[in-house]
Amino acid sequence: YEAKRGRRGFLMFVPAMDEEGDDRLRLQVDLDHAIRHGDLVLHYQPKIDLVTGKLSGAEALVRWQHPVLGMLPPARFVPLAERTHLIGPLTFHVLRLAATQARAWAEQGRPLPIAVNVSAINLDDGGFVESVEHILKDVGVAAGLIELEVTETTLMRDPERARAAIQALNELGVRVAIDDFGTGYSSMTYLRKLAVAKIKIDKSFVMDMSVSRNDNVIVRSIIDLGHSLGLKVVGEGVETADTMAVLASLGCDYAQGFHLARPMDVEAFDAWWQQNR
Ligand code: C2E
Ligand code: MG
Ligand code: MG
Ligand code: MG
């Protein structure tokens, strides 16, 4: 957390995110501490069924309440966790928090599936599926209330490993969605072999689809591809009523985005839920 001279002489504020030497080590120690001491919080963003208009699930998005830097978005620390041994503990911690929340809502008589983001490196861990199983049993939540989101690029890194992991997760009753779809290079062959339940169209295509003809065509094709493979399709990054209407008219199954609601802490999510029954 110090001021440094930039290359062109600009004075820059360089927080510990400048991952050089001591700063990087410092942030890593902080993150390790944060995972173990409850400084990571989950915000929840609703996902809406475009046919019924009803709430169909929530995505859990991690934030770090850093004592000095304030609330940090995942882009500021997930990549660091991925380059260190911390991504395993981070993912399992997030899964435990989400599972505990899913159980709480179920106990209140309003079960709601929660989606948790999983990193590429998690799937490389041979014990990943067993750890997921252990956490869900330990928390005491129905596996059907937890969904995992894996990015398309992740899956295509090692399609055979991904196929096996998804198969094993399905056997536990945990469904898997492909996140950021359209940004990677899935071959149709692999897509057909992966036992995923859903694809989430990357927000970069959805955001401008009501004004960009190209984006509209891409979104339309992804929806058709998903449906012809028997998958549900989610549009994310829905920022306007227009986009939502277009998605609905194209037969997209679910929508998620700022137009509906931003990711919220549990309290705000509960209030939103109450108002949008
Ligand atoms: P993602 O899984 O694709 O999550 C959606 C991101 O888009 C979230 O950003 C969300 O706040 C944002 N978003 C939602 N609706 C809109 C919209 O209408 N417009 C725009 N412009 N953005 C929207 P966030 O929370 O900053 O998360 C960014 C990424 O970080 C996530 O992308 C996910 O890949 C990763 N991430 C988040 N939580 C976790 C986690 O617990 N574990 C791991 N491994 N990665 C996570
Ligand atoms: Mg996601
Ligand atoms: Mg996404
Ligand atoms: Mg993403």
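The calculated 222 nm mean residue ellipticity attributable to helices in the chain amounts to -13500 deg cm²/dmol, summing -39500 (n - 2.57) over DSSP H runs of n ≥ 4 and dividing by all residues.
The order of the peptides 97-105, 211-219, 185-193, 109-117 by mean Cβ neighbours within 10 Å, most packed first, is 97-105, 109-117, 211-219, 185-193.
For the stretch 101-247, what does the relative contact order come out to in percent, with C-alpha contacts under 8 Å and a separation of six or more?
Taking the mean separation of contacting Cα pairs over the length of the stretch 101-247, I get 18 percent.
Pick out the long, greasy-scoring helices in the chain: whole DSSP H runs spanning 18 Å or more along their own axis by Cα, mean Kyte-Doolittle at least -1.0. Answer set is 21-37, 87-107, 159-172, 213-228. Stokes-Einstein diffusion for the stretch 170-277, with the hydrodynamic radius set to the Kirkwood value over Cα pairs and evaluated at 37 °C in a medium of 0.692 mPa s, equals 222 µm²/s.
When the P(r) is computed for the stretch 76-166, the part past 14 Å accounts for 65% of the Cα-Cα pairs. Remark: the E267-R157 segment gains 35.8 nm on full extension, using 0.36 nm per residue and subtracting the alpha carbon distance.
The Cα-based radius of gyration of the stretch 112-224, divided by its Kirkwood radius, gives an Rg/Rh of 1.02.
In plain terms, if you count all Cα to Cα distances in the chain and split them into 10 Å steps from zero, the share in each step is 6, 27, 33, 24, 8, 1 percent.
Readers should treat all values here as calculations from the given coordinates under stated rules, not as data from a laboratory. Only a predicted model underlies this, so the values are computations on that prediction, with no experimental measurement involved. With ideal geometry, Cβ positions are generated from the backbone for all residues, glycine too; neighbour counts draw on all protein chains shown.
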